[in-house]
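Shown next, in structure tokens, is the structure this report addresses.
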Amino acid sequence: MQLDVYQPAFVIEIEGKRLSKDITHEITSFVFEDNEEEMDVMEVAITDRNLQFVDDPLFQEGNEIVARFGYACPEPSRRAGDLSPRKVAVIKEIDYDFPDSGEPTMQIKA
């Protein structure tokens, strides 16, 4: 397997369960705002082609979400060091979009 060092990497856990690679490859947008004066904000948009996340108990308001993100390094000994420190948040809102054309998406705000 060859690493794509230009594609962002994500390690995301919800309620202590790490999301599988299949799910993290569906991330279309990831935003983390580190605010000094206010609470930090995390937003994750995920494509939900088969509507597998709609009723999943992990994707519920009030659940803890932990994320590390960054870019992979081709040197195996440095991969973990290239990801951000753990960012912990609580899911506050989940929005779904079911367009007439295109794929359904889920937007998590924490």
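The values are calculated or read from the model by the stated rules, or taken from the named source; none is laboratory data. No experiment lies behind these values; they were computed from the predicted model shown. For neighbour counting, all protein chains shown are included, and Cβ atoms are generated from backbone atoms with ideal geometry for every residue, glycine included.
Here are the numbers:
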item	result
Residue among 5, 54 that alone is over 25 Å from residue 97 (Cα atoms), among the β-branched types (Val, Ile, Thr) and at pLDDT below 90	5
Yes/no for residue 53 being within 19 Å of residue 110 (Cα to Cα), among the aromatic types (Phe, Trp, Tyr) and touching a Gly at 6+ places or on another chain (Cβ under 9 Å)	no
Matching entry among 37, 33, 26 (being under 15 Å from residue 53 (Cα atoms) and modelled with pLDDT of 85 or more)	26
Counted residues, the range 87-108 - those being surrounded by fewer than 16 Cβ atoms within 10 Å (Cβ to Cβ), in a strand (DSSP E or B) and touching a residue at least 24 places away in the same chain (Cβ under 8 Å)	5
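Here's the yes/no breakdown for (1) touching a strand residue (DSSP E or B) at 6+ places or on another chain (Cβ under 6 Å); (2) surrounded by fewer than 16 Cβ atoms within 10 Å (Cβ to Cβ); (3) without any contact (Cβ under 8 Å) to a residue 60 or more places away in the chain; (4) not in a strand (DSSP E or B):
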{"position": "10", "(1), (2), (3), (4)": "yes, no, yes, no"}
{"position": "13", "(1), (2), (3), (4)": "yes, no, yes, no"}
{"position": "23", "(1), (2), (3), (4)": "no, no, yes, yes"}
{"position": "49", "(1), (2), (3), (4)": "no, yes, yes, yes"}
{"position": "52", "(1), (2), (3), (4)": "no, yes, yes, yes"}
{"position": "56", "(1), (2), (3), (4)": "no, yes, yes, yes"}
